[in-house]
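A short worksheet on the structure shown next.
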Amino acid sequence: MSSTECDLIAKLADELTRQSYSAVVVRNYCAYARDFLAYLAQHEISVAAVKPPQVAQYLRHAASTFRKRRGRPPGPNWHSIPRSGIHALLRLAQGQWPPEPDVIGPEAELRHEIGLKYEAWLRDERGLAAASIVALLAEARHFLIWQLERGGVRSLKNLNVRDIDLYMDARAPGLTRVSLKDYAERLRSALRYMHRTRYVARDLAAHVIGPTLYAYEGVPSILEPDQIAAVLETTKRDTSPMGLRDYAMLQLLATYGLRSGEVRNLAIEDIDWRAESLRVRHSKTGACSFLPLLAPVGEALLAYLRHGRAKTDRREVFLRSRAPYLPLRNYASEVQRRLRAAGVEPLGKSGPHIFRHARAVEMLRASVPQKIIGDLLGHRSTEATIPYLKLATEDLRAIALDVPGSEVLA
């Protein structure tokens, strides 16, 4: 192995150690990375030129070597360790992995060009949040792939109503009415942009037909106070690092009714221990709220930070429980697992948002004004709070006004 390759392996070991991987994992990853470099040298491929097909080819070669040496095939998940080590090596060597896909052919070039410009327009001119941009871009790319594959580059300029209808018909199977409505709205945005920038001759946005959803027609899941208490108590008994983390997150969800993203994006500096306050950056509005740091929440956070959170320079509070210790991006499965462990089975969706629904209804039952409920939930307007309050139908009936003259009706 050349000195350059030895230096690269040494840097890989240092980087993995810095990310708090265990010594065993560091040793295994470096061993597979070293074998991969030897394979590249044998085939006269530089590490800077590696693409995903070369990695797949090497893994097949490594599996074959394993079979010859041990007289049996590797297990079904065997490839995950060498692949992870190789990916870590390539991230270090190339700066990014996986690489951006090659843009080959006129259809791919046009799709790539529109995607880049549309993304810049959504970000710079419309000022949308990153999550909104990702969703809008995904639908635009999905539509462009569908249209350009069936009609080629020229078909986009002459796009017509029939094309739109065919696409929506192809999009609909397997989707709920809510999802299909979301996709229709995102497609309208893309079509308006492509007409504005003259990629499409006609403005076809008005011809995208999605399902009609009536205001507040769907009633989401809700947890009763005893169910929330059961989930918290069951999770509290798990004193593992993952249990401490999940308990702190559930306390935030249940106590303040935060959105999933607001818990996920909570940073160390958002907790003011001296002032006993919590800064919440609302993911939808971009505004900040300062909430009192209540004792159960503060104790749960402190226990996690002291005994459950990995020692790392990351500023996000909630991290993965295993290396690499990156921010926790999607924890719906953890919430569902904690619900099941407590024997709680909501009738509908069972993600983090059901705690938000429950908090809104709990405040309504405590006669908290709707404006204050909306402020705590981070809503810009009182109208945004109404969908949460429809859950307490019995409470709403109790405060309904009498109809004048109703007492004389037989």
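The values are calculated or read from the model by the stated rules, or taken from the named source; none is laboratory data. This structure is a prediction, so every number in the text was calculated from the model and none was measured. Every residue, glycine as well, gets a Cβ built from its backbone with ideal geometry; the counts of neighbours run over all protein chains shown.
Tally up the residues in the range 309-336 that are surrounded by fewer than 17 Cβ atoms within 10 Å (Cβ to Cβ), in contact with a helix residue (DSSP H, G or I) (Cβ under 8 Å, 6 or more places away or on another chain) and either assigned to a helix (DSSP H, G or I) or assigned by TED's automatic domain parsing to the domain that holds GLY85 (or both), please.
Going through the range 309-336 one residue at a time, the tally reaches 1.
Has the range 282-297 got any residue that is assigned to a helix (DSSP H, G or I) and of a type in the set (Lys, Arg)?
Checking the range 282-297: not a single residue is assigned to a helix (DSSP H, G or I) and of a type in the set (Lys, Arg).
So, in the range 178-202, exactly how many residues are free of Cβ contacts under 8 Å to residues at least 40 places away in the same chain and closer than 13 Å to ASP163 by Cα?
So the answer is 1.
Which of the residues that make up the range 85-116 are under 24 Å from the mean Cα position of the chain (by Cα) and within 30 Å of TYR32 (Cα to Cα)? Working first, answer last.
First, the residues of the range 85-116 that are under 24 Å from the mean Cα position of the chain (by Cα): 87-88, 91, 95-101, 112, 115-116.
Residues satisfying the conditions are HIS87, ALA88, ARG91, GLY95, GLN96, TRP97, PRO98, PRO99, GLU100, PRO101.
Could you tell me whether the range 15-27 includes any residue that is surrounded by 15 or more Cβ atoms within 10 Å (Cβ to Cβ), touching a Gly at 6+ places or on another chain (Cβ under 6 Å), closer than 14 Å to ALA93 by Cβ and not assigned by TED's automatic domain parsing to the domain that holds ASP313?
Taking every residue of the range 15-27 in turn, none turns out to be surrounded by 15 or more Cβ atoms within 10 Å (Cβ to Cβ), touching a Gly at 6+ places or on another chain (Cβ under 6 Å), closer than 14 Å to ALA93 by Cβ and not assigned by TED's automatic domain parsing to the domain that holds ASP313.
Kindly indicate which of PRO73, PRO82 is of a type outside the set (S, T, N, Q), in contact with a helix residue (DSSP H, G or I) (Cβ under 9 Å, 6 or more places away or on another chain), outside any helix (DSSP H, G or I) and not assigned by TED's automatic domain parsing to the domain that holds VAL153. Give the steps one after another, and end with the answer.
On the way: PRO82 fails: outside any helix (DSSP H, G or I).
Matching residue, one of PRO73, PRO82: PRO73.
What number of residues within the range 158-201 satisfy the criterion of being part of a helix (DSSP H, G or I) and under 17 Å from HIS112 (Cβ atoms)?
Kept after step one, since they are part of a helix (DSSP H, G or I), are these residues of the range 158-201: 161-171, 177-196.
Then keep just the ones that are under 17 Å from HIS112 (Cβ atoms); that gives 190, 193-194.
Total satisfying the criteria: 3.
Would you check if ALA62 is surrounded by 11 or more Cβ atoms within 10 Å (Cβ to Cβ), among the hydrophobic types (A, V, I, L, M, F, W, C) and free of Cβ contacts under 8 Å to residues at least 24 places away in the same chain?
no
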